[in-house]
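These notes are about the structure you will find just below.
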Amino acid sequence: MSTDWYRNITWDDSIEAAFNRKLSRSKLKEQYLRVQASTLAKTHPEVSLKLLERYFEMPDESYHAQAYVDRATACLALGRVDEAIEAYEAAIAREEKFPELATQAHLELPFTIAVGRVREQYDRALEALDKYSERMLFPVDFFKWHAAKAIVAADQDQPDRASKQAAEALRQAERTFSGFESHPTSGLVKNRFNELKEALRALL
């Protein structure tokens, strides 16, 4: 188990039983369910989705936007792209009502559509990319933004635009400084997205 009883990185019957015992005594059940679901979203997505079902049945709706993002992460881990897109849309709709509780759904939605080649949703992806362009902060944000633009442009037979966007995405991937003195290495691309980088290089 993790040091925190609600941040377990593995899951089995004994861990689940211990988690449920402590959860039953907690006053912050919604928060602990969501955090545990988030922690397991990529590695134990089915467990994560079950925990999120329990979360959404509870009365406190404070973190619904992030919970929808966590649901999307779990769905992507299971290859359920359409369900992930629906979850990101739900997160964005939630944020519009409660903008102080922002997530990365505004970027992950179009990125997922583009990388997943969900062509019937390309217009929605471009709309989201343009609408939320000012919310990018870190190199990885700019990388995903330009990568999504590049993929959509390529699939829409706009090779020059695709090449320019791919070049900028790759430039962002090479950055070694976040732009923030207090967090100089936060949000760097580093060695992630290698297959996507190769696909972008092919567009140059």
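Identify the residue in the stretch 70-106 that is in contact (Cβ under 8 Å) with a residue 24 or more places away in the chain and of a type in the set (Asp, Glu) and, among all such residues, is surrounded by the fewest Cβ atoms within 10 Å (Cβ to Cβ).
In this case the residue turns out to be ASP82.
Give just the number: which of (1) outside the structural domain of ALA72 (by TED's automatic domain parsing); (2) in a helix (DSSP H, G or I); (3) surrounded by fewer than 21 Cβ atoms within 10 Å (Cβ to Cβ) does THR112 not satisfy?
That leaves (3) as the condition not met.
Return the total of residues in the stretch 73-100 being of a type in the set (A, V, I, L, M) and within 22 Å of ASP60 (Cβ to Cβ). Before the answer, list the steps.
Step one: list which residues in the stretch 73-100 are of a type in the set (A, V, I, L, M), which gives 74, 76-78, 81, 84-85, 87, 90-93.
From what is left, the residues that are within 22 Å of ASP60 (Cβ to Cβ) are 74, 87, 90-93.
Selection size over the stretch 73-100: 6.
Looking at the stretch 132-163, which of its residues are charged (D, E, K, R) and more than 19 Å from ASN194 (Cα to Cα)?
First pass over the stretch 132-163, keeping only residues charged (D, E, K, R): 134-135, 141, 144, 149, 155, 157, 160-161.
Result: GLU134, ARG135, ASP155, ASP157, ASP160, ARG161.
Consider the stretch 37-67. How many of its residues are within 24 Å of ALA125 (Cβ to Cβ) and either crowded, with 24+ Cβ neighbours inside 10 Å or of a type in the set (A, V, I, L, M) (or both)?
At the first step, the residues of the stretch 37-67 found to be within 24 Å of ALA125 (Cβ to Cβ) are 41-42, 45, 64-67.
Next, only the ones that are either crowded, with 24+ Cβ neighbours inside 10 Å or of a type in the set (A, V, I, L, M) (or both) stay: 41, 65, 67.
Counting residues in the stretch 37-67 that are within 24 Å of ALA125 (Cβ to Cβ) and either crowded, with 24+ Cβ neighbours inside 10 Å or of a type in the set (A, V, I, L, M) (or both) gives 3.
Quick grid of which residues meet (1) of a type in the set (Val, Ile, Thr); (2) in contact with a helix residue (DSSP H, G or I) (Cβ under 7 Å, 6 or more places away or on another chain); (3) assigned to a helix (DSSP H, G or I); (4) exposed (fewer than 13 other Cβ atoms within 10 Å of the Cβ):
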{"site": "ASP141", "(1), (2), (3), (4)": "no, yes, yes, no"}
{"site": "HIS146", "(1), (2), (3), (4)": "no, yes, yes, no"}
{"site": "ARG161", "(1), (2), (3), (4)": "no, yes, yes, no"}
{"site": "ARG171", "(1), (2), (3), (4)": "no, no, yes, no"}
{"site": "THR176", "(1), (2), (3), (4)": "yes, no, no, yes"}
{"site": "PHE180", "(1), (2), (3), (4)": "no, no, no, yes"}
{"site": "HIS183", "(1), (2), (3), (4)": "no, no, no, yes"}
{"site": "ASN191", "(1), (2), (3), (4)": "no, no, no, yes"}
{"site": "ALA199", "(1), (2), (3), (4)": "no, no, yes, no"}
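Consider the stretch 9-64. How many of its residues are assigned to a helix (DSSP H, G or I) and among the polar types (S, T, N, Q)? Can you show your working first?
First pass over the stretch 9-64, keeping only residues assigned to a helix (DSSP H, G or I): 13-24, 29-40, 45-56, 64.
Add one more test, that the residue is among the polar types (S, T, N, Q), and what stays is 14, 20, 24, 31, 36, 38-39, 48.
Count: 8.
From (1) small (Gly, Ala, Ser); (2) modelled with pLDDT of 95 or more; (3) more than 16 Å from the chain's Cα centre (by Cα), pick out the condition that doesn't hold for ALA37.
(3)
Hey, GLY79 hits all of (1) at pLDDT 95 or above; (2) more than 28 Å from SER48 (Cα to Cα) but one; which does it fall short on?
Failed condition: (2).
In this structure, does ALA148 turn out to be over 21 Å from ALA91 (Cβ atoms) and not assigned by TED's automatic domain parsing to the domain that holds GLU83?
On the way: over 21 Å from ALA91 (Cβ atoms): no; not assigned by TED's automatic domain parsing to the domain that holds GLU83: yes.
No.
The values are calculated or read from the model by the stated rules, or taken from the named source; none is laboratory data. Source: prediction; values computed, not measured. Cβ: placed from backbone, ideal geometry, glycine included. Neighbour counts: every protein chain shown.
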